[in-house]
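> Sharing a structure, written as structure tokens. Questions coming.
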Amino acid sequence: MNDLHAVLWIARKDLLQEARSKAVTVATVFFSAVTLGVLAFAFGENPLLMREGAMGALWVALAFAGVISAAQSWQADLEDGALEALLAWPVPRAAVYLGKLLANWGLMTVLGFVLLPLAGGLYGADVGGGGEVPAALVVAVLLATIAAGTLGFALIAVFYAGLTANLRARESLLPVLMFPVVVPILLAAVRASNALVGSGDLDLAWAWLRLLVGFDLVYAVVCLALFRFVVEA
Amino acid sequence: MIDAAARLRRPLWLRTYLGITLLLFLAAAAFGLVFSPRDVTQGDLIRIMYAHVSVAWIAFVAVGLTAVFGALYLWRGQRRDDVLAVASGEMGLFFAGLTIIGGMTYSRPTLNTFWTWDAKLTLTAIMVALMVGYFIVRGLIDDPVRRGRVSAVVAIVAAASLPFNYLAAEWFRTLHPAKSVALDGSGVTMDGTMLAVLLFNTVVAGMIYLGFMIDRVRLGRVEAALEEERAQAVTQPAPVGKEVVRV
Amino acid sequence: MFDGWTQWTWVTIAWLELVLAYGGYQAYLSWRRRKLLADDAARRIIERQAAGGGA
């Protein structure tokens, strides 16, 4: 089995595991609902604040989901000794990382696409766009922003979840390690999303999107290169 | 057997270096406090800038070097690189923390608040969080090789985040009206003397970093050597007829 | 509370922070050195007892 097959096999395995156990889906749906609900309640009195907070709430929900999903993806393998078997395989460690990354990214992106209209509806935010900018384009860039943002988040989450998987205090350590690193993604994603949803400002969104894409590129290389030092039996 | 006490005593060259550094620090303080002009806007408060900005620059250098030494350790696997990494990491945390405190001391009298989301200060706060994570991870791993490798990875990921964090914080800020006084000294019209004093203070801070590093690395090397000695003692077979107490 | 403080008060505090921090770090290093030597001495005593104990 060559490397690409290994990556896809691992991604598929993780997704099937999730489809069966639904552990991540249940947890993330619950947390997303709580996040969106609580923040809506907090902003509730002020419709302007609601509209401007919509994307922030969305990304907070996605961030929680990303951490849960990444942690669970390693835990499930750790429990049955499946992780050791996986690592004993003659494929580069990076392939294991890449497979899990794809699965997690996929899940988060789907969640993002689902939450987007929900957040929009709940917070009264609408896809903006003056006359010149077609709404379809704005939506497309918005979806791309979600994908780029969740990719960056998943890159770090899956990486650090793997690192902390067999350390003590892993549940508290994962967010402590992750969050200072993902601050730029969260900031950029929220700002880009806000620019698109509020006024359809493609230029402003593009400025932030460049930061997201740059982050994704740099960390794709860094994480793939360093992953083999992270999981050792 | 290692004579730890002898190896921990400072040799003459080190004591000389530290003595010179102390004198230069006093000189730099004299220049900063006495032999430099007041600022047009900030008055004497500009003198805080010399203490604060010099330390900030060294903090970033220290964290960057932690990642570099970590990368060296990943590449060559020599314990001394890990000792260098953890020493520089301690320096990074120390100088970054000092920068935050200095920043707050500078900010309160000039901007009337202890904290602004100034890009450089925000970045320094994030850096403190990153380095705390580095040391938590080190504390959780007992095997020195694995500890060195995993913490090197954490340091590299952390250092790589700094440019992105800076850009994010900076762009976040430019959407809001910028204050007229910047805490990094850039909003100040610095005349030649001020710049010279700042550079002198920065060089001295760098010398202090180096001095602390040498001290810390010497300590780290003895720790590592003793750790290896202990590990070997445990794996040696017990002499026949005698009980061996496992330490 | 801080409003009445003069500029030189703040300047002094800022520079004292440096002095205290640098001194504090040196104190920390001294403490670590002492601890290392004490732990090492204790270990040697235990090892000597273990090696000579069966005789």
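The values are calculated or read from the model by the stated rules, or taken from the named source; none is laboratory data. From a predicted model like this one, the values you see are computed outputs, not experimental measurements. For neighbour counting, all protein chains shown are included, and Cβ atoms are generated from backbone atoms with ideal geometry for every residue, glycine included.
For (1) more than 27 Å from B:G206 (Cα to Cα); (2) among the aromatic types (F, W, Y); (3) assigned to a helix (DSSP H, G or I); (4) at the interface with chain B (Cβ under 9 Å from one of its Cβ atoms), each residue gets a yes or a no:
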{"site": "C:F2", "(1), (2), (3), (4)": "yes, yes, no, yes"}
{"site": "C:W5", "(1), (2), (3), (4)": "yes, yes, no, yes"}
{"site": "C:L16", "(1), (2), (3), (4)": "no, no, yes, no"}
{"site": "C:G23", "(1), (2), (3), (4)": "no, no, yes, no"}
{"site": "C:W31", "(1), (2), (3), (4)": "no, yes, yes, no"}
{"site": "C:R44", "(1), (2), (3), (4)": "yes, no, yes, yes"}
{"site": "C:G52", "(1), (2), (3), (4)": "yes, no, yes, yes"}
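> Those residues that are at the interface with chain A (Cβ under 7 Å from one of its Cβ atoms), under 18 Å from B:Y73 (Cβ atoms) and either in contact with a Cys (Cβ under 8 Å, 6 or more places away or on another chain) or of a type in the set (S, T, N, Q) (or both), I need them from region B:113-168; list them, please.
Selection gives B:V157 alone.
> Just one of A:L115, A:L39, A:L83 is within 22 Å of A:V182 (Cβ to Cβ), touching a residue at least 40 places away in the same chain (Cβ under 8 Å) and assigned to a helix (DSSP H, G or I); which is it?
Just a single option satisfies the conditions, and that option is A:L115.
> Given the conditions (1) in a helix (DSSP H, G or I); (2) within 23 Å of C:A21 (Cα to Cα); (3) more than 22 Å from the chain's Cα centre (by Cα), report the number of the one that B:W13 does not fulfil.
Unmet for B:W13, out of (1) in a helix (DSSP H, G or I); (2) within 23 Å of C:A21 (Cα to Cα); (3) more than 22 Å from the chain's Cα centre (by Cα): (2).
> I've got another one for you. Run down A:L204, A:L212 and say which single residue is more than 7 Å from chain B (Cβ to nearest Cβ), in a helix (DSSP H, G or I) and buried (at least 22 other Cβ atoms within 10 Å of the Cβ). So that I can check it myself, show each step before the final result.
Numbers: A:L204 fails: buried (at least 22 other Cβ atoms within 10 Å of the Cβ).
Of A:L204, A:L212, the one residue that is more than 7 Å from chain B (Cβ to nearest Cβ), in a helix (DSSP H, G or I) and buried (at least 22 other Cβ atoms within 10 Å of the Cβ) is A:L212.
> Are there any pairs, at least 6 apart or on different chains, whose C-beta atoms fall under 7 Å, with the first in region B:60-81 and on the phi < 0 side of the Ramachandran plot and the second β-branched (V, I, T) and modelled with pLDDT of 95 or more, and if so, which?
Correct list of pairs: B:A67/B:I156; B:G70/B:I156; B:A71/B:I156.
> If a residue has to be aliphatic (A, V, I, L, M), surrounded by 22 or more Cβ atoms within 10 Å (Cβ to Cβ) and within 10 Å of another protein chain (Cβ to nearest Cβ) to count, how many in region B:75-112 make the cut?
Residues flagged as aliphatic (A, V, I, L, M), surrounded by 22 or more Cβ atoms within 10 Å (Cβ to Cβ) and within 10 Å of another protein chain (Cβ to nearest Cβ) within region B:75-112 amount to 2.
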